Amino acid sequence: MLVQDIMERQVVTINPRTALPEALRLLQQRRIRHLPVLENGELVGIISDRDLKRAMASPATSLTVHELQYLLDRLRIGEIMTRGVITIGPMMPVEAAARLMVQEKISALPVTDGARLVGIVTETDLLQLLVEAMGAAEPSSRLDVLLGDRPSALVEVVRAVEDAGLRISSIVTFPARGGMKTAVVRLATIDPGPAVRALEARGYAVRETWRSA
């Protein structure tokens with residue numbers, strides 16, 4: 001899956017001259033947490049709700065309420081925005097976006113096609129994709145199966161579940177301790193018992209099971 005498949009295309013933007021209170025109102029009204037900053041159609045910065053809250057708390061506490069509000073009303077986004085914005089292209093794989101966000105410790109990536117802003121992808125978009133990919137949004141059961149070091153272990157797990165008459169909604173492998181792998185198997189049923197018994201009969205350890213609806 002590519003970034004363009006999950007990004008938000010209707011991006012709310014502001015310019016460097018936007019006042020802080022107006023930017024805060026936009027975030028609250030649209031229920032978003034990031035605003036790319038454009039100047040003459042070019043991406044020059046990005047601001048988050050955390051940046052705005054930090055700026056609101058920064059003036060000296062000796063100021064009166066009216067003095068503080070006066071200063072905030074005149075504070076422009078260009079003074080507090082993050083410059084040198086990290087971006088990603090729409091044709092990049094979603095895992096590249098996730099890796100970049102983890103490496104840079106950021107929670108949003110503007111998506112650019114050349115110099116043009118075409119979207120934005122956030123950590124919420126990636127989490128939603130994870131929920132959908134693992135089938136957690138539908139009534140199901142989850143099995144954590146320790147694969148060990150058997151050759152063709154994943155194929156055996158799939159065959160065991162299918163032989164038990166159950167359907168797999170999704171299957172993902174994760175590294176476990178000692179270089180082994182764990183298969184997280186999502187079943188399209190709330191009764192995983194037949195699959196658990198079939199796997200254990202073949203010598204696989206099912207570490208835990210739980211149900212979601």
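Give me the number: length gained by fully extending Val184 to Arg207, i.e. 0.36 nm times residue separation minus the C-alpha to C-alpha distance, one decimal in nm.
7.3 nm
Using amide H atoms built 1.01 Å from N in the peptide plane, name the residues 5+ places from Ser169, or on other chains, whose amide H lies under 5 Å from its own.
Arg186, Leu187, Ala188
How tilted is helix 20-30 with respect to the longest principal axis of the chain? Cα atoms for both, answer in degrees (0 to 90, nearest 10).
Helix 20-30 sits at roughly 30 degrees to that axis.
Taking R0 as 30 Å, what FRET efficiency do you get between Arg197 and Glu138 from their Cβ-Cβ distance, rounded to the nearest 0.05?
That pair, Arg197 with Glu138, gives E of 0.80.
To one decimal place, what orientation-averaged projected area in nm² is obtained for the convex hull of the Cα set of the chain?
Numbers: hull surface 64.3 nm².
Reported value for the Cα convex hull: 16.1 nm².
Return the long-range amide H neighbours of Leu75 (sequence gap of 5 or more, or a different chain), with a cut-off of under 5 Å between placed amide H atoms.
Leu20
For the chain, what is the charge dipole size about the Cα centre, in debye to the nearest 20, if Lys and Arg each add +1 at the Cβ and Asp and Glu each add -1 at the Cβ?
Working: 26 positive and 25 negative charges, 58 e Å.
With only Lys, Arg, Asp and Glu charged at Cβ, the dipole is about 280 debye.
Using the basic label-point model (7 angstrom from Cα toward the beta carbon), what is the Glu104 to Met91 distance in nanometres?
2.0
Toward the positive end of the charge dipole of the chain, about the Cα centre and with charges on Cβ (Lys, Arg +1; Asp, Glu -1), which of Pro16, Ala176, Pro192 goes farthest?
Ala176
Could you work out how much longer the chain between Thr82 and Arg17 gets when fully extended? Use 0.36 nm per residue separation minus the Cα distance between them, nm to one decimal. Spell out each step's value before the answer.
On the way: separation 65, 0.36 × 65 = 23.40 nm, distance 1.42 nm.
Value of the extension gain: 22.0 nm.
Restricting to DSSP H runs of at least four residues, report the calculated mean residue ellipticity at 222 nm for the chain, -39500 (n - 2.57) per run over all residues, nearest 500 deg cm²/dmol.
Value at 222 nm, helices only, nearest 500: -10500 deg cm²/dmol.
Could you order the peptides 27-33, 3-9 from most to least packed, using the average number of other C-beta atoms within 10 Å per residue?
Details: 27-33: 12.7, 3-9: 16.7.
Peptide ranking by packing, descending: 3-9, 27-33.
Nearest 10 degrees, 0 to 90: what angle lies between the long axis of helix 65-74 and the longest principal axis of the chain (Cα atoms)?
On a 0 to 90 degree scale, this one is about 80.
Counting only the backbone N, which residues of segment 91-134 are under 20 Å from the spot 7 Å out from the Cα of Arg167 toward its beta-carbon?
In segment 91-134, the label zone of Arg167 (backbone N under 20 Å from the point 7 Å along Cα→Cβ) covers 131-134.
Counting only DSSP beta bridges with both residues in the chain, what percent are antiparallel, rounded to the nearest 5? Before the final figure, lay out the partial values.
Values: 37 of 39 bridges.
Among the beta bridges of the chain, antiparallel pairing accounts for roughly 95 percent.
Between Val158 and Val118, what is the spin-label point distance in nm, taking each point 7 Å from the Cα along the Cα→C-beta axis?
Label-label distance for Val158 and Val118, simple model: 3.2 nm.
Apply the Karplus parameterisation 6.51 cos²θ - 1.76 cosθ + 1.60, with θ equal to phi minus 60°, to every residue of segment 130-135 and state each ³J(HN,Hα) to the nearest whole Hz, in sequence, with x for glycine and proline.
4, 4, 5, 5, 8, x
Rule-based calculations on the coordinates, nothing more; no lab input. Just so it is clear, the structure is predicted and the values come from calculations on it, not from any experiment. Ideal geometry is used to build each Cβ from the backbone, glycine not excepted, and the neighbour counts take in all protein chains shown.
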